[in-house]
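The values are calculated or read from the model by the stated rules, or taken from the named source; none is laboratory data. Keep in mind it's a predicted model, so treat the numbers as computed, not measured. Neighbour counts run over all protein chains shown; Cβ positions are idealised from the backbone, glycine included.
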Amino acid sequence: MIVDKNRTKLCKIYCWCLSYLKKYAVFVYIYILLRFVYEMCNILIPQIIREFIDRVLANQEYGAVRNLALMTICIVITMIVSYIITKYMDLVFVEKGTRAVQCDVFDKTRIVGFKHFENTPRGETLGILANNVISIYFLFLLYVTQTVSLVLSFILSFTMIVRTKNLIFILTLIISSICIIVINTITSRRVDKLGIRQAEAGLEYNRRAYDSIESINEIHAFGVENWNIKRVLSSFSLFKMLNIKLQFVNSIRSYVVVFFKSIAIIVYFLISIKLIRNNAMSIGNTVATFIYYNMFFTSLSQFCKMIYKQNKLLYDAEKPYEFMKMEPDIKICTHPVKKNIAGLITLENVGFSYNKEKILNNISVRIEKGEKVALVGASGEGKSTLLKLLIRCYDCTEGTIYFDKTPINRYSLSSIRDSVGIVFQETFLFSMSVMDNLRFGNPKATEKEIIEAAKLARAHEFISALPQSYNTVLGDKGNTLSGGQQQRLSIARIILKNPQILLLDEVTSDLDYINEKHILKTIKTAMKEKTVIMTTHRLSVIKNTERILVIQNGTIVEDGDYETLINKKGNLYKLVSKGIVKDD
């Protein structure tokens, strides 16, 4: 039952892959037409052989040689021309179709939602974009085109055998074909089970290999190179073992085709000898029909092999298929608001659950335009999650968030992302120049604007000291820089972006006192008109913030300035006294 459902799914995946060729249907139709011409020429060659044997060799009609030679030349030229054009056509729609799949999958990564990437290893996503999409390329190149060729060859060769009107020949073909199809269907169930297991093993191997590369520093630091090699090789060994089993089971199918093909040919020759003796069939006809027999079984054999190899690619194509069928976490309304956001933020009874775990609960707060707010609490209380709700990485599961009195889900994502900027706790820097990393915040920024933003973020001095200054290419994820330098670059990037609302998640955690003081001054002066929300554990930041929101158990329990909350000796006082909030 599981296998039958899986076959139905493979059919859906196959149809999904083919749907990408609709845009290039003209190339596909021309390919099919010219392939039909090619196969028709292929069918005519045995007829020329028949004529040559019966007329030239048997009856010594040497005058027919010239006509047969001209016909052969015309057929060969037609075959060459049609083959060249078909190869060009299939390369066009294969390349374009695969590129369309790859672009769609890559585009889907932008809208599928943050939750998917938090729950899915990066190696799996990279495997989909690389290995799995490449499988679709080979599906188009080798098997979609081959299916057309084999089906045409199969039908035309069978038609020519039917034209002999010999019932025994026709029945031999039909019975042999039925036996081959039945046995292949039985063995294919085993192949399907192994194929599913192999696809999973391949995915696990990709995942472990990616993790191995990503964690190379930790692996060396802990001295677990042998453990890592064994872990990766064990998944690869399983993948190879399943592949061997698949090859073995598939070889049985090949032997079945050879067996029944041999029986059919033996029957054919026994009947042909009798017909030749009774002058009911010429030698030329015998040879021509034998060629058609061979073409028929060759097409059937290749088709059976192709189904196995094609299904193997379809198992690989299942991942991009499932990925593209995923519903994005963020639902966009039909007619979204596209205006810029001024900076007023209102949360009404906001709650959020993640994987059925309650993170935020009943948060109601109003933050005026231009306010500078510190969001304070112990680790795991939901501070970062609240910022992600404001940038709409997720949608709240309860209540409503408003920007300028308009619900957040009424805005287009582009309006939110243009008006609201966030600096995450972990800074990501690209393996490109410092200038390009900063320009990521604003692609249209001039060099002067970039340098000014770097100065405001206290990054200009250390950037100037780099080997090529702003043109210095950073290492992987900016690992050649210290944590504080990375944070200053991320702050410069958000300054350059110039959003109306800034969300800063522990952005001063790696900064020394002098740089932190300068950044806080920049927030108060250069960002005077901006609404700023900062999560922090540093007392120096909290003291310099005009308003503090204390979050505990996923809800806001205190709201006020530093002096008021400390004198109250409530939750903020406890965080300070316990050292959760500390002055560095």
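Identify, from the list Arg50, Arg35, the residue that is touching a residue at least 24 places away in the same chain (Cβ under 8 Å), within 19 Å of Leu152 (Cα to Cα) and either in contact with a helix residue (DSSP H, G or I) (Cβ under 9 Å, 6 or more places away or on another chain) or not in a helix (DSSP H, G or I) (or both).
Details: Arg50 fails: within 19 Å of Leu152 (Cα to Cα).
Just one listed residue meets the conditions, Arg35.
Residues are listed down the side, and each one gets a yes or a no for (1) of a type in the set (S, T, N, Q); (2) modelled with pLDDT of 85 or more; (3) more than 27 Å from Glu546 (Cβ to Cβ):
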position: Lys331; (1), (2), (3): no, no, yes
position: Phe352; (1), (2), (3): no, yes, no
position: Glu357; (1), (2), (3): no, no, yes
position: Ile363; (1), (2), (3): no, yes, no
position: Val373; (1), (2), (3): no, yes, no
position: Leu386; (1), (2), (3): no, yes, no
position: Leu389; (1), (2), (3): no, yes, no
position: Ser414; (1), (2), (3): yes, no, yes
position: Arg417; (1), (2), (3): no, no, no
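Just give me the residues in the range 52-70 being among the aliphatic types (A, V, I, L, M) and within 24 Å of Met281 (Cα to Cα), in sequence order. Before you say what the answer is, go through the steps one by one.
Taking the range 52-70 as the starting set, the residues that turn out to be among the aliphatic types (A, V, I, L, M) are 53, 56-58, 64-65, 68-70.
Ile53, Val56, Leu57, Ala58, Ala64, Val65, Leu68 - these are the residues of the range 52-70 that are among the aliphatic types (A, V, I, L, M) and within 24 Å of Met281 (Cα to Cα).
For the range 265-323, give me the residue count where each residue is more than 30 Å from Ile196 (Cα to Cα) and acidic (Asp, Glu). It would help to see each step written out before you state the result.
Step one: filter the range 265-323 for residues more than 30 Å from Ile196 (Cα to Cα), giving 265-296.
In the following step, the residues that additionally are acidic (Asp, Glu) were identified as none.
The qualifying residues number 0.
Looking at the range 564-580, can you tell me whether even one residue there is over 21 Å from Glu426 (Cα atoms), surrounded by 14 or more Cβ atoms within 10 Å (Cβ to Cβ) and touching a Lys or Arg at 6+ places or on another chain (Cβ under 6 Å)? Steps first, please.
Start the filter on the range 564-580 by keeping residues that are over 21 Å from Glu426 (Cα atoms), which leaves 564-579.
Filter once more, so that each one left must be surrounded by 14 or more Cβ atoms within 10 Å (Cβ to Cβ): 565-566, 570-576.
When the remaining residues are screened for being touching a Lys or Arg at 6+ places or on another chain (Cβ under 6 Å), the result is none.
No, the conditions are met nowhere in the range 564-580.
Considering only the range 246-271, state which residues are under 24 Å from Lys309 (Cβ atoms) and either among the hydrophobic types (A, V, I, L, M, F, W, C) or in contact with a Lys or Arg (Cβ under 9 Å, 6 or more places away or on another chain) (or both). Leu246, Phe248, Val249, Asn250, Ile252, Arg253, Ser254, Val256, Val257, Val258, Phe259, Phe260, listed by residue number. In summary, Gly127 fulfils each of the numbered conditions (1) surrounded by fewer than 20 Cβ atoms within 10 Å (Cβ to Cβ); (2) assigned to a helix (DSSP H, G or I) with the single exception of condition (1). Annotation: of all residues in the range 435-464 being of a type outside the set (A, V, I, L, M) and outside any helix (DSSP H, G or I), the one that is farthest from the chain's Cα centre (by Cα) is Arg458. Just to be sure I understand, how many residues within the range 175-206 are touching a Phe, Trp or Tyr at 6+ places or on another chain (Cβ under 9 Å) and hydrophobic (A, V, I, L, M, F, W, C)? Final tally of qualifying residues: 8.
Tell me whether the range 78-90 contains one or more residues that are of a type outside the set (S, T, N, Q), farther than 18 Å from Leu141 by Cβ and surrounded by 15 or more Cβ atoms within 10 Å (Cβ to Cβ). Within the range 78-90, one or more residues are of a type outside the set (S, T, N, Q), farther than 18 Å from Leu141 by Cβ and surrounded by 15 or more Cβ atoms within 10 Å (Cβ to Cβ).
Checked against (1) modelled with pLDDT under 85; (2) within 23 Å of Pro499 (Cβ to Cβ); (3) among the charged types (D, E, K, R), Lys477 passes all but a single condition, namely (2).
Can you tell which of Ala453, Ala457 is aliphatic (A, V, I, L, M), over 24 Å from Glu214 (Cα atoms) and modelled with pLDDT of 85 or more? The unique qualifying residue is Ala453. Of all the residues in the range 366-418, those that are of a type in the set (Val, Ile, Thr) and assigned to a strand (DSSP E or B) number 6.
On the basis of being at pLDDT below 85, surrounded by fewer than 21 Cβ atoms within 10 Å (Cβ to Cβ) and not in a strand (DSSP E or B), does Glu529 make the cut? Walk me through how you get there before you give the answer.
On the way: at pLDDT below 85: yes; surrounded by fewer than 21 Cβ atoms within 10 Å (Cβ to Cβ): yes; not in a strand (DSSP E or B): yes.
Answer is yes for this residue.
In the range 130-158, the residue that is farthest from Phe303 (Cα to Cα) out of those that are buried (at least 18 other Cβ atoms within 10 Å of the Cβ) and small (Gly, Ala, Ser) is Ser135. Considered as a group, the residues in the range 277-296 that are hydrophobic (A, V, I, L, M, F, W, C) and surrounded by 15 or more Cβ atoms within 10 Å (Cβ to Cβ) include one that is farthest from Val56 (Cα to Cα), and that residue is Phe296. In the range 203-226, the residues that are under 28 Å from Asn243 (Cβ atoms) reach residues that are of a type in the set (Phe, Trp, Tyr) and assigned to a helix (DSSP H, G or I) with C-beta atoms within less than 7 angstrom, at least six apart or across chains, in these pairs: Tyr205/Phe236; Tyr205/Phe239. Of Ile363, Ile330, all but one fail to be of a type in the set (A, V, I, L, M) and assigned to a loop (DSSP other than H, G, I, E, B); the exception is Ile330. I'd like the residue in the range 1-57 that is closer than 20 Å to Thr72 by Cβ and of a type in the set (Lys, Arg) and, out of all such residues, is modelled with the highest pLDDT. Within the range 1-57, the match that is modelled with the highest pLDDT is Arg50. Within the range 159-166, the presence of a residue that is surrounded by 15 or more Cβ atoms within 10 Å (Cβ to Cβ) and either under 28 Å from the mean Cα position of the chain (by Cα) or free of Cβ contacts under 8 Å to residues at least 12 places away in the same chain (or both) is excluded.
Checking the range 191-205 against the condition returns a match, with at least one residue being hydrophobic (A, V, I, L, M, F, W, C) and at pLDDT 80 or above.
Looking at Ile229, Ile265, Ile271, can you tell me which residue is touching a helix residue (DSSP H, G or I) at 6+ places or on another chain (Cβ under 9 Å) and free of Cβ contacts under 8 Å to residues at least 24 places away in the same chain? I'd like the intermediate steps shown before the answer.
Numbers: Ile265 fails: free of Cβ contacts under 8 Å to residues at least 24 places away in the same chain; Ile271 fails: free of Cβ contacts under 8 Å to residues at least 24 places away in the same chain.
Result of the check over Ile229, Ile265, Ile271: Ile229.
Of everything listed in (1) surrounded by fewer than 17 Cβ atoms within 10 Å (Cβ to Cβ); (2) assigned to a helix (DSSP H, G or I), the single unmet condition for Leu242 is (1). Consider the range 500-513. How many of its residues are surrounded by fewer than 19 Cβ atoms within 10 Å (Cβ to Cβ) and in contact (Cβ under 8 Å) with a residue 40 or more places away in the chain? Adding up the residues that qualify gives 2. Could you say which residue among Ala100, Ala69 is of a type in the set (Gly, Ala, Ser), without any contact (Cβ under 8 Å) to a residue 24 or more places away in the chain and assigned to a helix (DSSP H, G or I)? Going through Ala100, Ala69 in turn, the sole match is Ala69. With respect to (1) among the hydrophobic types (A, V, I, L, M, F, W, C); (2) buried (at least 22 other Cβ atoms within 10 Å of the Cβ); (3) out of contact with any Asp or Glu (no Cβ under 6 Å at 6 or more places or on another chain), the lone exception for Leu549 is condition (3).
Only one residue in Lys305, Lys274, Lys261 is basic (Lys, Arg) and either closer than 19 Å to Met160 by Cα or buried (at least 19 other Cβ atoms within 10 Å of the Cβ) (or both), so which one is that?
Numbers: Lys305 fails: either closer than 19 Å to Met160 by Cα or buried (at least 19 other Cβ atoms within 10 Å of the Cβ) (or both); Lys274 fails: either closer than 19 Å to Met160 by Cα or buried (at least 19 other Cβ atoms within 10 Å of the Cβ) (or both).
Residue meeting the stated conditions: Lys261.
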